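Reviewing the structure listed below.
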Amino acid sequence: AKEEALRLLPGRKALPVWGGKDAILEGVQKNDTVIVLADTGSGKTTQIPQFLVRSSIPCDAPRIVCTQPRRVAATSLAKRVSDEMGTQLGGLVGYTVRFDDRSSRATRLKYATDGALLAEMLADRDLDKYDVVVLDEAHERSLRTDMLMGFLKDIQQRRKDKVRAFQADKGKGKARPSAQNGEAAAANGANGDKAADSRDPTELKIVVMSATIDAKRFSDFFNNAPVLYVQGRQHKVAMHYATEPQPDFCDAALKTVFQIHNKLPPGDILVFLPGQDEIDSLAASINAYLPDLEKTKPNLGTLLVTPLYAKLPPTDQAKAFAPTPPNTRKVILSTNIAETSVTIPGVRFVVDSGLAKEKRYHAGTGIDSLVTESISQSSAKQRAGRAGREADGYCFRLYTEASFNALEKRSQPEIQRVSLTFALLHLLANGQDDVFKFHYMDRPDKDAIIYAMMTLHGLDALDGKGRITAVGRKMANLPLDPVFARVVLASFAEGCPREMLDLVALLGSKDQLLSVPSAVRDQATAARQKFVHRSGDHLMLLNMLRAYEELDGKDERKAWCRENFVSHKAMLAVLDARKQLRERVERLQLGDWEATAGDEPEPILNALIGGLFANTALRQEDGTYRHTLTKQPVAIHPASTLHNKKIPAIVYDELVLTTRTYARTVSAIEPTQIRAKAPAMFAKSLQ
Ligand code: ADP
Ligand code: MG
């Protein structure tokens, strides 16, 4: 491990942030909060937390947590940094993401998702375990990073107060005799392995890291915190626009990729597309043309297509980062995951569809759905910048210059476009009694707040006065979306917690578990036919888990996964998630999770409605479905086993907006079940 670390050192020292190391450390030393701006690939995420770990700011042996909006980023960065430091993952460097914790008492630098850090606040309100919080990818303005920013302002003040009170007590001789952070810790050598609660209080330093946009907003929010700008190695990027609007961006992307390959110098191509469907479809088109290309232009070399999106199994994701083989040009087809959070070496060409899939709150239903939207100008600039990391590059925008100029300047923060049930439940559970008075960097819409409060009331998480209930506290302590937390609580009343913990664990990884390239989609559907259940997709998932668990050996289980086009890695993640959920349920004393409904689907469906009552739709006389409350049309997604089946009512996990509003992961229910299991105020609206 040490040799590997030595091998990596020269490369690290050449990164732009190394030039700013002293300035950054001095900035953190002298200020409560600093903002660090640098381009993607400058070394912010991997290097700056290491600088801090090796410093004695704000105390000897400081403990650092660095947040990431994405799970893949947190886990892969921890691994990389652990290698760079010559240590084993989970020792000095670790990570915590939902359902997966590789950290220990020895961990001094932890990468965590913003959601995981928020969850820690429920037990450690002032984040006393940490001396420095690094908020990374702050420009993404993810819901949870925004929530952390709001909380951290108060936490920083409370930590100052604690230090002051401690020192005053010490002056009066009241301080408890504990090892001091200063000399005693130094005498302990580098061994920072002391329980957090035996440490003296420290002030909390905050480092906000962002790609080069929007510095002033962060600085204003954190009381004029200084902004440190690290000059990156940006080369020239030649911009090309479409001369007229493109009716079919996938087709335009296909042509552009082949034109680049035919006419332009070597270098990999990074194509930004909105989502997995477009990625699969473009991958299939490119691959379909390859035999022709190799026949007609054998000297040109071939194209290697590698998809990249968050829900792709990790082993497949790794292919996008692997070195390009000789005589080959790699074409990475990516969602906006590659916009700022990951660095892909070798890219000289960027093709930008100008689109991204974003979560959006469905006004009226309170439901989040994934919608394809135009990106902002600042996103478009970030995307273009990915072509100029190592040498001069090219960016092809598949939209006109006029369209670019018409784009929003910057993206809308997530807090202003998604359902606020999770956010508000956590604000309340963390002692923020008035959700309107929270430090929002950008205030969400008042109606969205009110709607979320009503939903939480419907879920029994809030009482009539908007105060959090005992049920609400339990929900906040389950590492699940409030709706699914409520489903788990309902499963105890329905007598099926065993099945429901299986199910929510499965739902957490269902995309990684079941996603297959479009080329083998029909084969996969055929192989999985034996698991189909008349009640629909949820029970089918449970059937699959049962079949898998009936097998004993690891090899048998792996073979089963291959036969049924299931990701084995994702299945292991499901078992892990379930284990953690069971432990959590025991710790919260919610009841005996081993209680089971056996083969009975009714209790499971009843429990689902107990949380997902707002995700139900009723069949109309003309055969279409309409949302129970709003009467908006909803169609069953073609990938559902209930597609084209005639059932009176459905309950579903999520809506996806494409050409229509599709319900994904659907189960068949009876309208009377909605009336019986949904909260009174909702059930009343059923005619
Ligand atoms: P930033 O956060 O500023 O975008 P990073 O710290 O993520 O930059 O990455 C800095 C550099 O470290 C990258 O340009 C890349 O060369 C290297 N790097 C980061 N992660 C990995 C990894 N997992 N494998 C190989 N190289 C990596
Ligand atoms: Mg980074």
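Bear in mind that the values in this text are calculations on the coordinates, not laboratory data. In this text the structure is predicted, and so the values were computed from the model without any measurement. As a convention, Cβ positions derive from the backbone with ideal geometry for all residues, glycine included, and neighbour counts pool all protein chains shown.
Couple of notes before you dig in:
- Proximal lysines to residue 677, defined as alpha-carbon separation beneath 24 angstrom and excluding residues fewer than eight positions away on the same chain: 465, 474, 631, 645, 646
- Overall form of region 520-675 per C-alpha gyration tensor (a/c, 1.5; a/b vs b/c): oblate
- Distance violations [Cα-Cα > 24 Å] among 357/437; 359/381; 330/409: 357/437; 330/409
- For the chain, the mean residue ellipticity at 222 nm estimated from helices alone is -13000 deg cm²/dmol, where every DSSP H run of n ≥ 4 contributes -39500 (n - 2.57) and the total is divided by all residues, rounded to the nearest 500.
- Region 50-171 shape via C-alpha gyration tensor axes, a/c threshold 1.5: oblate
- Cut-off 10 Å between beta-carbons: net charge of the residues surrounding residue 242, Lys and Arg +1, Asp and Glu -1: -1
- Model label sites at residue 526 and residue 248, defined 7 Å from Cα along the beta-carbon direction, differ in position by 2.8 nm.
- Based on C-alpha pairs under 8 angstrom that are at least 6 apart in sequence, region 591-662 has a relative contact order of 27 percent.
- Which of 121, 239, 149 has the fewest Cβ neighbours within 10 Å, and the rest in rising order: 239, 121, 149
- Radius of gyration over Kirkwood radius for region 262-327, both on Cα atoms: the Rg/Rh ratio is 0.97.
- Residue 401/residue 236 FRET efficiency (R0 22 Å; Cβ-Cβ; nearest 0.05): 0.75
- Relative protection proxy for 597-608, 256-267, 28-39, from highest mean packing down: 28-39, 597-608, 256-267 (other beta-carbon atoms within 10 angstrom).
- Zero-based 10 Å bins, Cα pair distances in region 420-463, whole percents: 29, 62, 9
- If R0 is 30 Å, the Cβ-Cβ spacing of residue 285 and residue 319 corresponds to a FRET efficiency of close to 0.95.
- The residues packed around residue 391, meaning those with a beta-carbon under 13 Å from its beta-carbon, carry a net charge of +2 if Lys and Arg are +1 and Asp and Glu are -1.
- Tensor-based shape of region 377-534 (alpha-carbon gyration tensor, a/c under 1.5 rounded, otherwise prolate or oblate): oblate
- Pairwise label distance in nanometres, residue 9 with residue 587, each label 7 Å out on the Cα-Cβ vector: 3.9
- Convex hull (Cα only) mean projected area of the chain, reported in nm² to one decimal: 32.5
- Computed extension gain for residue 310 through residue 264, at 0.36 nm per residue and net of the alpha carbon distance, reaches 13.6 nm.
- Above-threshold pairs, the threshold being 29 Å between Cα atoms, out of 13/263; 110/236; 79/263; 129/579: 13/263; 110/236; 79/263
- Spatial separation of Cα centroids for region 36-85 and region 307-383, in angstrom: 23
- Using C-alpha pairs under 8 Å with a sequence gap of at least 6, the mean separation divided by the residue count of the chain gives a relative contact order of 11 percent.
- Entry note, region 41-163: relative contact order of 27 percent, from Cα contacts under 8 Å with a spacing of 6+ residues.
- Computed label-point distance, nm, for sites residue 564 and residue 434 using a 7 Å Cα→Cβ extension: 5.4
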